[in-house]
Amino acid sequence: MQIPIYQVDAFASRVFTGNPAAVCPLQVWLPDAQLQQIAAENNLPETAFFIPDGDAYQLRWFTPAVEVELCGHATLASAYVIFKELGVQSSQICFRTKSGEVTVQRQGDRLALDFPSRPPDACEVHPDLLRALGGQPEKVLAARDYLVIYPSEAELQALKPNMELLATMDRFAVIATAPSAQYDCVSRFFAPAKGIPEDPVTGSAHCTLIPYWATRLGKRQLHAYQASARGGELWCEDCGPRVRVAGHAVLFLRGNISLD
């Protein structure tokens, strides 16, 4: 069996930046265990699989270790493959996912994701969170993930988390964020327990970042940057119960997976 595979750098305008994702178009679903094996073999932050479903697509995402219910950069990468590699001419794609319907629209030379908003709120903080993360944050909030707010971009950049300790947290992941002179906000994202010590660029994290920074800054449209080693820019909008996250994508490779 031959399965097409594409590797796309998402939230990137050139290769070797942004967040790499593998994308595998399928006609029918393979067994879950085999999907997970492919993702582990790819050893990328995410591998996306989709199948046609009428005028839409069913879409699933896997890290090397687990299936996740929402992933931004691999959705962007999947839409890029459908538009650019498979030649679909529509202006919008609808994906059916474990987080409901997600659309991706052409927005000039960018692709814009429409995702559910996850506003953060006050929370009980795991006793080892700050020791694991480091620095002197101003505040800790949470939605699906912890949102840890630092006073400056320099302090955010200087973080050297203890990944072993961070993997014991009681949330899916940890988002660290700070204000920025160049952008409306900057962030970093850590999910070592899910097989991703530090994610290069995390679209789903902005489901929480956007409502927080939109309220704090009093503006709906935000220009964000994820300050990982690879780095990535995101153009975001707070739309109340939804958020819009847009970015570029570029193809790195195309090929085939051989299965017995």
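For the reader, a short list of remarks on this structure follows.
- Segment 11-32: number of residues that are more than 15 Å from THR63 (Cβ to Cβ) and aliphatic (A, V, I, L, M): 5
- Restricting SER180, SER204 to those that are under 22 Å from ASN42 (Cβ atoms) and assigned to a loop (DSSP other than H, G, I, E, B) reduces the list to SER204.
- Failed item in (1) part of a loop (DSSP other than H, G, I, E, B); (2) touching a strand residue (DSSP E or B) at 6+ places or on another chain (Cβ under 6 Å); (3) of a type in the set (Val, Ile, Thr), with VAL88 passing the rest: (2)
- Residues within segment 208-260 that are in a helix (DSSP H, G or I) and within 18 Å of the chain's Cα centre (by Cα), tallied: 6
- Those residues of segment 110-148 which are surrounded by fewer than 19 Cβ atoms within 10 Å (Cβ to Cβ), without any contact (Cβ under 8 Å) to a residue 24 or more places away in the chain and not in a loop (DSSP other than H, G, I, E, B), in sequence order: ASP121, LEU130, LYS139
- Selection from segment 68-88 of residues that are surrounded by 15 or more Cβ atoms within 10 Å (Cβ to Cβ) and either more than 20 Å from LEU234 (Cβ to Cβ) or among the hydroxyl-bearing types (Ser, Thr, Tyr) (or both): THR75, SER78, TYR80, ILE82, GLU85
- When we screen LEU59, LEU35, LEU30 for residues that are assigned to a strand (DSSP E or B), modelled with pLDDT of 95 or more, farther than 18 Å from HIS206 by Cα and of a type in the set (A, V, I, L, M), the only hit is LEU59.
The values are calculated or read from the model by the stated rules, or taken from the named source; none is laboratory data. Model, not experiment: these values are computed from the prediction. Here the Cβ is made from the backbone with ideal geometry for all residues, glycine too, and neighbour counts use every protein chain on show.
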